[in-house]
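All remarks here apply to the structure that follows.
Read the figures in this text as sums done on the coordinates, not as results from a lab. Not measured: the values here are computed from a predicted model. A quick note on method: Cβ atoms are made from the backbone with ideal geometry, for glycine too, and the neighbour counts reach across all protein chains shown.
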Amino acid sequence: MLHISIKAEPIFRIFGFNITNSLLSSVTVLIIFILLSYFFASSMSKKKTKITLLILFILESMYSLFSSILKEKTRIFYPLLMTFFLFVLLSNWFGLIPGVGSITIREPVVAAEHVAENPVYVPLLRGSTADLNTTIAIALISVILIQYYGIKFVGLKGYLSKFVNFANPIGFFVGILELISEFSKIISFAFRLFGNIFAGEVLLVVIAFLIPILASFPFLLLEIFVGFIQALVFSMLTAIFINVAIIKHH
């Protein structure tokens, strides 16, 4: 029977804290991210392989893309933006790996409350960006850093003047709208990423359930592309919002 859950399921506990399958996926992606970074850093001191050259090409291309927005300040924000891009990209693609979402275990938390004849099985791993908790966390980090850099480059007084303006009624209401828009960025970031990735994984599951043999392959290629686009959109929007935040208000 096909079962789709919008929330991440707990798979074990540590000191009374539930570890969900999406959190386990996030940790796995983080470890992969660190290993890839270590491999790339160590390979730079040796003879460059094709993989190293490919990574260099991607890094340089992304730098040029961010430069079109941030200009001379790209060097300052590039590590942050590239981290967002790569983490979201790896998280999106990790959910497409065979076995993620299909390998199940008995749920410890629920299983203890059920008789043996009715065990509850949940996926061992779940795409982390298909969990709203993960996307909200990433969105919060992005928006908080946007405010931080805005205050750092413009100054607290100058940054607050974008939202608090008593010079005239129009400026006052525009400031309120700007303040609301800052909070709405969290919702926009989180639900855009979650909605696209979760919907894509549901589509793959449904297609594979209805037509098991190779029917989901074209959709898998589509989701690989969508995962890339969502990572690019998230990092580019962060770059745009940072650029707006560090510009002095006129």
FRET E, pair VAL206, VAL233, Förster distance 22 Å, beta-carbon r, rounded to 0.05: 0.35
Summing -39500 (n - 2.57) over every DSSP H run of at least 4 residues in the chain and dividing by its residue count gives a helix-only mean residue ellipticity at 222 nm, to the nearest 500 deg cm²/dmol, of -23500 deg cm²/dmol
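When you count, for each residue, the other Cβ atoms within 10 Å and take the mean per peptide, how do 8-21, 88-101 rank with the highest first?
Packing order, densest peptide first, comes out as 88-101, 8-21.
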Could you work out the Kirkwood radius for the chain, taking every pair of different alpha carbons, averaging 1/r and inverting it, reported in Å? 20.6 Å
Net charge near SER216 (other residues with Cβ under 12 Å of its Cβ; Lys, Arg +1; Asp, Glu -1) is -2
Given backbone amide H placed at 1.01 Å from N, residues whose amide H is under 5 Å from that of SER216, ignoring those fewer than 5 places away on the same chain, are none
Working out 0.36 nm times the residue gap between LEU222 and ILE76, then minus their Cα-Cα distance, what length gain in nm do you get to one decimal? 49.2 nm
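Summing +1 for each Lys or Arg and -1 for each Asp or Glu, what net charge is found among the other residues whose Cβ lies under 10 Å from the Cβ of ALA8?
For residues surrounding ALA8, the net value is 0.
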How large is the charge dipole for the chain, taken about the Cα centre, if only the Cβ atoms of Lys, Arg (+1) and Asp, Glu (-1) carry charge, to the nearest 20 debye? 1060 debye
Rounded if a/c is under 1.5, else prolate if a/b beats b/c, else oblate: with a ≥ b ≥ c from the C-alpha gyration tensor eigenvalues square-rooted, which is region 1-40? oblate
If we count every other residue with Cβ under 13 angstrom of GLY171's Cβ, Lys/Arg +1 and Asp/Glu -1, where does the sum land? 0
What FRET efficiency comes out for ILE14 versus TYR38 if R0 is 35 angstrom and r is the Cβ-Cβ distance? Round to the nearest 0.05. 0.85
If each residue of separation counts as 0.36 nm, what is the full-extension length gain between PHE191 and LYS47 once their alpha-carbon separation is subtracted? 47.5 nm
Using modelled backbone amide H atoms (1.01 Å from N, in-plane), which distant-in-sequence or interchain residues come within less than 5 Å of PHE12's amide H? ILE19
Extending each Cα 7 Å along its Cβ direction at ILE151 and ALA137, get the distance between those two points in nm, one decimal. 2.4 nm
Per the rule of 0.36 nm per residue minus the C-alpha distance, extending PHE172 to SER5 adds in nm 55.7 nm
Region 165-184-region 7-32 distance, computed between alpha-carbon centres (Å): 40 Å
Backbone HN-Hα couplings from phi across region 169-176 [Karplus 6.51/-1.76/1.60, Hz, Gly and Pro as x]: x, 5, x, 5, 6, 5, x, 5
